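Below is one structure, written out as structure tokens; the observations come after it.
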Amino acid sequence: MSPSIVVTCNTFLSLRSTFVRRLAVTVFSVLAIGAAATIPAAAATTAPSPATADSYGTVRNIVPAGQRGSINALQLAQVLLGGSLTAVDGKNAPKNYADQLEMYDDLAKHTPTQITDAVVDKDYKKAGFVPEKVISTETPKPGVTIVRDAYGVPYITGKTYTDTMFGAGFAGTQDRMFLMDALRHLGAGRGAEFVGGTPGNIAMDRAQVRSAYYTPKEAQDQLQIIADENGAEGQRLLEGADAYLAGINAAQNQMCPLGLPTGLNCPAEYLALQKKPTPWTRADLTYVASLVGGIFGKGGGQEYANSIYYGELVKKFGTAKADKMFASLREKNDKEAPTTSTLSFSYDNKAFNPHQAGVAIPDLTGAHGTGSGDDAGSTNPIETLLDALKLGLTGVPNQMETPSGTIDLSSLFAANGMSNALLVGATKTKTGHPLAVFGPQTGYYNPQLLSEQVLMGPGVFARGVSFAGTNLVVELGHGLDYAWSATSSGSDNIDTVMEKLCNADGSAPTVNSTSYRKDGGACVPMQYNEHKETVIPNISAPTPPTTLKMQVWRTNHGIVQTRTTVKGVPVAVVIERSTYGREAASILGFSRFNNPDYVKDATTFKQAANGIDYTFNWFYADNRDIAYFSSGRLPIRAAGTDTDMPRWAGKAYDPTGWLSAAKHPQQINPSTGYLASWNNKPARDFAAADDKWSDGSVHRSEALSRRASAAIAAGKVGRAQLAGIVEDAATEDVRAKSLLPGLLKVLGDDPKTAEARKLLSAWLAAGAHRVDYDRDGTYAHQAAIRIFDTWWEDGDKSLAYDFATPGLGSVLARAIPQPLDDHPRTGQGSSWLGSPWYGYIDKELRQLTGSTVQSPYAYRLCGTLTTCRTTLRTSLLDAVQRAETAQGVSSPSQLTYDKSLDYIRPTTGGVVEVRPIDWQNRPTFQQVVDYRTHRAR
């Protein structure tokens, strides 16, 4: 799914002895200052929910690393006494800080057949509405009770709806105070102001300004605007949001009395950064929503990059051939693409045609002016922005700097979706009722971006997770007798619009002009704002005090990214996102998920999902049905435009409306007996967004659907079996599993690569897994893994580039504006998503060997069978020789692979880190669902 994080503030990651000594002084200073602070006393242990709440079935879940994500001074001292800043459960970790990480890691020690019901019960905690053991109870205000269980999960009961929302804000702050604070500053483009003016922090703020800039008043007013659009329901949510904010502020005041960065329960980061907690407002909710929703709930916006690549194809091959080549590589509506729904839903699937009147392709060598996020007053183009434009107009950096190095943010900001879902219908299970294993994959952070809670009050009865700072609703979880989850769909809700520039005095415009032809007519000035933030030195960034000033240019279509030319005509390049200005609107849909009076069955669930503007695939299971609905505020695009290319501004080419609920991909109880999603294509004829070229013949979703189909064909499916299927897919190298059959076939009987081919064949026969079940420190088939990894990508060398050079040439093969790979080495678990090269190679190999291929490529990438065989043999042999040279061995069988390269390494967002764990391609919040009964329908 999926939208950065306490992204910037790993203040104490360095373990150099001098820094540890300095930290120790800070710890005990905080202890001394906060000693007088009061700690809420535990109250009587009473069950906060009706005794029948858990009678409909069972749900178990897991959310690593742990529920309690705040580290105060006393807890920091506990960690330091263990000799490092790495908290390990059972050793030096505070209670509930890393306990779920150990359960999560344990599942990957079991083969699929070893995953029994007992293992499921051990490695997933029971997720009911009545805690199995009550550890603490508090009443932060009359009408609100917060009970915590042995895992630290808060069970929040409110006498009224607003009481419940107050409790959500209060408990969420106890668990994620510093993370929430970081998120709201990042969403406002003020990360450098909050944690320090390092180059990386400043770059992040520029990126957020380009993506989702709002003035404080605009952010403050957004909730009211959305509420006014939705009558009584909107007003209720507005009142709930205000109560939620009151809960946040009450908790902050209790944890950090008098608004000072001290106090026994105040997060240690505040004193280290010399920052005071400040009250939350409605604007902060908008800022957090704009950050998170803009990451996980969007698709498209790469038209600029597409047009540049198309222009390069035209330059090399001419228009006629370039048109066909681009359409093939783009895979907009590949008939072989795996889909979640078995039905057809037609959307944006017209053939590629860049020659229409509404298409505006930028000049390859045109001049460039400044855009939003650039220094105020600067007239020099920003090279980093142009680089970002070529990668898809995100402008978001992959890394964020901290005093001890860098924090890699690519897992959050550079990916659209990472979640999966596998649901089996009632007729195909041993219980005679649906089963589901599903969850979002939002990257691995400590504390986790997702925070768990149980909300119980009038009109809300739900348990699950929400992004920190948005937990006035449960975004993913289960209700009284139904469960739901999501995967990011990446459906196309962003367009690139070219606004013609002009000058008010009638003189000839340039790329530095600040007015535009509104809707192609009158010359009006662009809206201009100056974003300012004051950066002062602190322990994490001892930079001189400075005030940063950034330009913000906007038209009626959105935020200006840069200025350039189209056929010599100066234009502003504008990103038009359907959710811009409406980030808060999706709260309505989430609130309906939480309301048992609204969601009563699969049909009403789909209706609730349609209230969410973000682009997600939603999945539902109760005791009778499994269901699917793909949400999003999706524009109906005008004639004369092409969805892969930028369009001209103007009423003639603006969207004509929004896709109706009936036309969104959806399904209840498919005939296949299951629903599977891993961010793959929603349905046949539903075109892939312009930034998604990877909906081809190979997709990681097949690792789920292949296993589900085989299990159903063999008999009825059980709960533990389903969990085993999903976990088995979690350790598969999708590239190798999908491509090695064709690669080995085309390589043929080549003596020079015989030993390497034998190793690769054995790995393939064993399932092409990257897993160490017995934890002896190595992968089985490590030599094959080293060979394949080196073959696929080794510096600037790659099997893919070798493969495509005969057809595209070396330069254009490397210039495709899509990733080459999605490897576990990124450290964030999710892998094998987003690269079109898996499909390119698979499809062409099948074409070369005479297999039937749908949506065949217009031109061969690898040439004839003879040419391609020679290319592949040479490419593999070179890779083996490079690997042998690097390790100083003389044969392929002697090669080794360091599995720690694949480790999941949670990004640290504060004082304390948690240990890395073995790789598994798995959601960061995962539910195992088994409902047996239901309310009267």
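A short reminder: the numbers here are calculations on the coordinates, not readings from a lab. These figures come from a predicted structure and were not determined experimentally. Positions of Cβ are backbone-derived with ideal geometry, glycine not excepted, and every protein chain shown enters the neighbour counts.
What translational diffusion coefficient, to the nearest whole µm²/s, does region 169-245 have by Stokes-Einstein, given a Kirkwood radius computed over alpha-carbon pairs, a temperature of 20 °C and 1.002 mPa s viscosity?
151 µm²/s
With no solvent and one equal point scatterer per Cα, compute the Debye intensity ratio I(q)/I(0) for region 490-566 at 0.21 Å⁻¹ and report its log10, rounded to two decimals.
The computed values of log10 I(q)/I(0) come out as -0.93.
What number, in percent, do you get for the relative contact order of region 224-281 if the mean sequence gap of Cα pairs under 8 Å and at least 6 apart is divided by its residue count?
Averaging sequence separation for qualifying contacts and normalising by length gives 22 percent for region 224-281.
Among VAL147, SER738, ALA360, whose Cα projects farthest towards the positive end of the dipole of the chain, with charges put on the beta-carbon of Lys, Arg (+1) and Asp, Glu (-1)?
Looking along the dipole axis, the top candidate is SER738.
I'd like the projected area of the chain, averaged over all directions, using the convex hull of its alpha carbons. Report it in nm² with one decimal.
Mean projected area of the Cα convex hull: 36.5 nm².
To check my understanding: the extent here is largest minus smallest coordinate of the Cα atoms along each principal axis. What are those three numbers for region 56-98, in Å, largest first?
45, 17, 11
Using a basic spin-label model with each label point 7 Å from the Cα along Cα→Cβ, how many nm lie between LEU877 and ALA661?
Calculated label separation equals 6.3 nm.
State, as an integer percentage, the relative contact order of region 164-273 based on alpha-carbon contacts under 8 Å between residues 6 or more apart.
36 percent.
Could you tell me the center-to-center distance, by alpha carbons, between region 57-132 and region 616-633 in angstrom?
29 Å
Determine the shape class of region 648-740: with a ≥ b ≥ c the square roots of the Cα gyration tensor eigenvalues, call it rounded for a/c under 1.5, and otherwise prolate if a/b is greater than b/c, oblate otherwise.
oblate
Just flag the chymotrypsin sites (Phe, Trp or Tyr not before Pro) in region 181-287 sitting in loop per DSSP whose Cβ has no more than 13 other Cβ atoms within 10 Å.
Listed in order of number, the matching sites amount to none.
Quick one: compute the contact order of region 648-731, relative version, from alpha carbon pairs under 8 angstrom and 6+ residues apart, as a percent.
The value is 26 percent.
Would you kindly calculate the mean projected area, averaged across all directions, of the convex hull enclosing the Cα atoms of region 102-188, in square nanometres?
Computed as one quarter of the Cα hull surface, the answer is 8.3 nm².
Kindly provide the helix-only [θ] at 222 nm of the chain, computed as the sum of -39,500 (n - 2.57) over DSSP H runs of four or more divided by all residues, to the nearest 500 deg cm²/dmol?
Helices in the chain give a 222 nm mean residue ellipticity of -10500 deg cm²/dmol.
If the reach is capped at under 15 angstrom between alpha carbons, list the aspartates and glutamates near LYS797, excluding any in the same chain fewer than eight residues apart.
Leaving aside aspartates and glutamates fewer than 8 places away in the same chain, those within reach of LYS797 are ASP789, ASP821, ASP878.
Tell me, what HN-Hα J-couplings in whole Hz come from the Karplus equation 6.51 cos²θ - 1.76 cosθ + 1.60 at θ = phi - 60° for each residue of region 660-669, using x for Gly and Pro?
Going residue by residue, I get 6, 4, 5, 9, 7, x, 6, 5, 10, 6 Hz, with x marking Gly and Pro.
Nothing charged except the Cβ atoms of Lys and Arg (+1) and of Asp and Glu (-1): what's the magnitude of the dipole of region 647-733 about its Cα centre? Round to the nearest 20 debye.
340 debye
Using the per-residue mean of other Cβ atoms lying within 10 Å as a proxy for protection, in what order, highest first, do the peptides 223-236, 736-749 fall?
Highest mean packing first, the order is 736-749, 223-236.
Taking loop as defined by DSSP and a crowding limit of 13 other beta carbons within 10 Å, which trypsin sites (Lys or Arg not before Pro) in region 772-810 fit?
ARG775
If you wrap a convex hull around the alpha carbons of region 81-230, what volume per residue comes out, as a whole number of Å³?
Taking the convex hull of the Cα positions in region 81-230, it is 236 Å³ per residue.
Write out the chymotrypsin sites (Phe, Trp or Tyr not before Pro) in region 535-619 meeting two conditions: DSSP loop, and at most 15 other Cβ atoms within 10 Å of their Cβ.
Taking region 535-619 and a limit of 15 other Cβ atoms within 10 Å, no loop chymotrypsin sites (Phe, Trp or Tyr not before Pro) are found.
Quick one: Karplus J couplings for region 713-721, per residue in order, coefficients 6.51, -1.76, 1.60, θ = phi - 60°, nearest Hz, x for Gly and Pro?
Calculated HN-Hα couplings, in order: 5, 7, x, 6, 9, x, 4, 5, 4 Hz.
Classify region 523-662 from the C-alpha gyration tensor, please: rounded if a/c falls under 1.5, else prolate or oblate depending on whether a/b exceeds b/c.
It comes out oblate by the Cα gyration axes.
If N is the number of residues in region 796-866, what value comes out of its Cα radius of gyration divided by 2.2 N^0.38 Å?
Ratio of Cα Rg to 2.2 N^0.38 Å: 1.20.
For the cross-link pairs LYS567/LYS651; LYS428/LYS606; LYS298/LYS567; LYS350/LYS681; LYS663/LYS843; LYS315/LYS745, which exceed 25 Å when the distance is taken from alpha carbon to alpha carbon?
Over 25 Å apart, Cα to Cα: LYS298/LYS567; LYS663/LYS843; LYS315/LYS745.
Calculate one ³J(HN,Hα) per residue across region 318-330 by plugging θ = phi - 60° into the Karplus curve 6.51 cos²θ - 1.76 cosθ + 1.60, and present them in order as whole Hz with x for glycine and proline.
For region 318-330, the Karplus curve yields x, 5, 4, 6, 4, 4, 6, 5, 4, 4, 5, 5, 5 Hz.
From the Cα trace of region 845-937, what convex hull volume per residue do you get, rounded to a whole Å³?
346 Å³
Quick one: net charge around LEU450, please, counting Lys, Arg +1 and Asp, Glu -1 for every other residue with C-beta under 15 Å from its C-beta.
+2
Once amide H atoms are built 1.01 Å from N in the peptide plane, which residues 5 or more positions from GLY369, or in another chain, come under 5 Å H to H?
Correct list: ARG563, THR564.
Please compute the Cα-Cα pair-distance distribution of region 764-832 with 5 Å bins starting at 0, giving whole percents from short to long.
3, 13, 20, 22, 17, 11, 8, 3, 2, 0
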